[in-house]
Amino acid sequence: QVQLVESGGGLVQAGGSLRLSCAASGSISSIAVMGWYRQAPGKQRELVAHITSGGVITYADFVKGRITISRDNAKNTVYLQMNSLKPEDTAVYYCNAFKTPRSYWGQGTQVTVSS
């Protein structure tokens with residue numbers, strides 16, 4: 001089992017920044033991919049970014065240079081630095097880890113961007 005604990009969400013004005021953190025614990029060896037998804041009210045959960053154990057990064061198209069994902073393997077933590085936030089970035093952000101054969105999810109952290 002893998003446990004994921006997110007932190008760093010909150011309320012920020014448009015144009016502001018937030019950094020989300022996700023700490024992994026438990027059976028963390030061989031986690032292939034860690035990443036962030038988000039879900040806005042009434043919408044489906046969508047990928048924001050993910051990073052493989054080898055450091056390959058994938059971003060959603062809407063990121064457009066505003067968001068950076070990074071991974072500290074020594075701390076078993078993945079970060080999401082979000083800049084130039086927009087009201088449409090308001091959502092619950094979920095940390096995800098994929099370790100064959102399944103995905104694990106954190107409890108989510110709320111990000112609210114006011115206009």
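The values are calculated or read from the model by the stated rules, or taken from the named source; none is laboratory data. This is a predicted model, so every value here is computed, not measured. For accessibility, only protein heavy atoms count, side chains too; no ligands or nucleic acids. Shrake-Rupley method; radii C 1.70, N 1.55, O 1.52, S 1.80 Å.
Centre-to-centre, using Cα atoms only, the range 1-64 and the range 66-97 are separated by 5 Å. The 3J(HN,Hα) values that the Karplus relation (6.51, -1.76, 1.60; θ = phi - 60°) gives for the range 3-18 are, in residue order, 10, 10, 10, 8, 8, x, x, x, 9, 9, 7, 3, x, x, 10, 9 Hz. Gly and Pro appear as x. Along the range 22-33 the Karplus relation, 6.51 cos²θ - 1.76 cosθ + 1.60 evaluated at θ = phi - 60°, assigns HN-Hα couplings of 9, 9, 9, 9, x, 7, 8, 5, 6, 6, 7, 9 Hz to successive residues, with x for each Gly and Pro.
How would the range 27-73 be classified by its alpha-carbon gyration tensor: rounded, prolate or oblate, with rounded meaning a/c under 1.5 and the a/b versus b/c comparison settling the rest? In terms of gyration-tensor shape, oblate. Check Val48: other-chain or 5+ apart residues with amide H under 5 Å from its amide H, H built from backbone geometry? Long-range HN contacts for Val48: Trp36, Tyr37, Arg38. Pairs of Lys residues in the chain, spaced 8 or more positions apart or belonging to different chains, with C-alpha separations under 27 angstrom: 5 in total.
Here the chain has 50 percent of its accessible surface on carbon and sulfur atoms, given a 1.4 Å probe and all protein chains in place.
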